[in-house]
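Engineer: Provided herewith is a single structure, encoded as structure tokens, for subsequent inquiry.
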Amino acid sequence: MQNLHSGNSEQEKALEEFLDLCEDDNGIRKLMEIESLSRSDLKEIYHRLCRAGLGQWIKGHYAALSTIAYGEPLLFLVRAEKAGMNLREIASVLLRYWSNEIPQGGLLRAVT
């Protein structure tokens, strides 16, 4: 995590290594296939989430990174955007999720 905040090439290298881990996860890889997400999509999602306020630690999770590393929040984000929810609303819901105000399994109910 420290490298993600150090800037430029170290930050980029750390993010690339994190994305490797995401793509190696069977669940995330399958979700990426189903939702037609690429590695560059995950990277863009991460940067957008940071700009939207999720670039912070919440209950042991760096929210922007954890959102792309776990199936439920990533699927929520993708489906919420497809349903027309704006990023500000999505970020607000995700902040509540990472703060444990929304239980596991509760995110997708917000968009279905």
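The values are calculated or read from the model by the stated rules, or taken from the named source; none is laboratory data. Here the structure is a predicted model, which means the values were calculated and not measured. Counting neighbours? That spans all protein chains shown, and the Cβs are built from the backbone with ideal geometry, glycine included. Surface accessibility is based on the protein's heavy atoms, side chains included, excluding ligands, DNA and RNA. Shrake-Rupley method; radii C 1.70, N 1.55, O 1.52, S 1.80 Å.
Engineer: Can you compute the helix-only [θ] at 222 nm over the chain? Use -39500 (n - 2.57) per DSSP H run of at least 4 residues, normalise by all residues, nearest 500 deg cm²/dmol.
Structural biologist: -18500 deg cm²/dmol
Engineer: For the Cα atoms of the chain, what angle does the longest principal axis make with the long axis of helix 71-82, in degrees from 0 to 90, nearest 10?
Structural biologist: Roughly 70 degrees between the two axes.
Engineer: Can you tell me how much longer the chain between Asn86 and Ser36 gets when fully stretched, taken as 0.36 nm per residue apart minus their C-alpha distance, in nm with one decimal?
Structural biologist: 16.0 nm
Engineer: Now a separate question. Leaving ligands and nucleic acids out of the surface, order Trp57, Trp98 by accessible area at 1.4 Å, largest first. Provide the component values of the computation, followed by the final result.
Structural biologist: On the way: Trp57 140, Trp98 15 Å².
Largest to smallest exposure gives the sequence Trp57, Trp98.
Engineer: By per-residue mean of other Cβ atoms within 10 Å, what is the highest-first order of 42-48, 68-74?
Structural biologist: The peptides rank, most packed first, as 68-74, 42-48.
Engineer: Got a number for carbon plus sulfur as a percent of the chain's accessible area, 1.4 Å probe?
Structural biologist: Summing carbon and sulfur atoms, their accessible area is 48 percent of the total for the chain.
Engineer: As I understand it, the value is the acute angle between the Cα axis of helix 8-24 and the longest principal axis of the Cα atoms of the chain; what does it come to in degrees, rounded to 10?
Structural biologist: 50
Engineer: Further question: Per residue, how much accessible surface does the chain expose to a 1.4 Å probe? Answer in Å², no decimals. Show your work: numbers first, answer last.
Structural biologist: Details: 6300 Å² over 112 residues.
Accessible area per residue: 56 Å².
Engineer: Something else: I need to check one value: relative contact order of the chain, counting alpha carbon pairs closer than 8 Å and at least 6 residues apart, in percent.
Structural biologist: Working: 91 pairs, mean separation 21.7, N = 112.
It comes to 19 percent, rounded to a whole number.
Engineer: While we're on this one: Please determine, in degrees from 0 to 90 and to the nearest 10, the orientation of helix 87-98 with respect to the longest principal axis defined by the Cα atoms of the chain, where the helix direction is its Cα long axis.
Structural biologist: 90
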